[in-house]
Amino acid sequence: ASLEVARVVALDPAARAVITDRGRRTPDFVIHALGSRTARAIPGAAHALALDDPDGAAAVAAAAGRAAAQGRPLAIVGGGLTAIELATELADAHPTLRLTLITRGALGDGALGAAGLAHARAALARRAVEVREGQGVAAIEPDAVEVDGARLAVAATVLCAGFAASPLAAVGRDLAGQRARRQRH
């Protein structure tokens, strides 16, 4: 076994190759653990904060502190496990913070059984987190979110509405697709 530290620039699954800044390698196994980023499919999502890395988490914590001090609400877009955990953690850290969790679907997004969902709902209610289910966010502005045609003024918005795979995963998939198309022609 050997270890090579290099920057991966592309994947070629059909050739079982990894292309790095040090050259092309054909290892016996590849563990694809490149991480993910917050999906930013909502118009204006660049205005939202995200939990993609430690700096993003620190920015969310700072924004929550400012919002609590100003008496302004903070919006969390998403209703999955990350959004639920974030809402409860921020509410515990800042008891005066007004939090609104907005989800296009149902709270828990099917990831919780009946008992888990009841627990999550009770935890959010105890912390006075406003939960808006079945409401789509059409746009995010620096100081507001557009929810079902209405503008909700907020101090900041945190986006927890899905994740996107590392772009390298798409590169590998694209290379495999190109090779398959060439083989058919």
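The values are calculated or read from the model by the stated rules, or taken from the named source; none is laboratory data. None of the values given here were measured: they were computed from a predicted structure. Cβ: placed from backbone, ideal geometry, glycine included. Neighbour counts: every protein chain shown. Accessible surface is based on the protein model in full, side chains and every heavy atom, while ligands, DNA and RNA are left aside. Shrake-Rupley method; radii C 1.70, N 1.55, O 1.52, S 1.80 Å.
Scanning the stretch 116-134 for residues that are without any contact (Cβ under 8 Å) to a residue 24 or more places away in the chain and open to solvent by less than 80 Å² (accessible area, probe 1.4 Å) yields a total of 5. Checked against the criteria, residue 60 does not count as β-branched (Val, Ile, Thr), in contact with a Leu (Cβ under 7 Å, 6 or more places away or on another chain) and without any contact (Cβ under 8 Å) to a residue 24 or more places away in the chain.
In a helix (DSSP H, G or I) and at pLDDT 80 or above, is that true of residue 10? The answer is no for residue 10. Criterion first (over 21 Å from residue 59 (Cα atoms), at pLDDT 95 or above, open to solvent by less than 60 Å² (accessible area, probe 1.4 Å) and not in a strand (DSSP E or B)) does residue 180 satisfy it? The answer is no for residue 180. I want to confirm something. Restricting to the stretch 14-24 and keeping residues that are part of a loop (DSSP other than H, G, I, E, B) and at pLDDT 90 or above, which single residue is surrounded by the most Cβ atoms within 10 Å (Cβ to Cβ)? Restricting to residues being part of a loop (DSSP other than H, G, I, E, B) and at pLDDT 90 or above, the top hit is 22. Of the residues examined, residue 68 is one that is crowded, with 16+ Cβ neighbours inside 10 Å, in contact with a His (Cβ under 7 Å, 6 or more places away or on another chain) and closer than 23 Å to residue 142 by Cβ.
Candidates 73, 95, 27: the one that is on the phi < 0 side of the Ramachandran plot and open to solvent by 50 Å² or more (accessible area, probe 1.4 Å) is 95.
Total residues in the stretch 140-162 satisfying the condition of being in contact (Cβ under 8 Å) with a residue 40 or more places away in the chain and open to solvent by less than 20 Å² (accessible area, probe 1.4 Å): the figure is 9. Taking the stretch 36-122 and the strands (runs of 3 or more DSSP E) fully enclosed by it, the elements with 3 or more residues that are at pLDDT 95 or above are at 74-77, 99-103.
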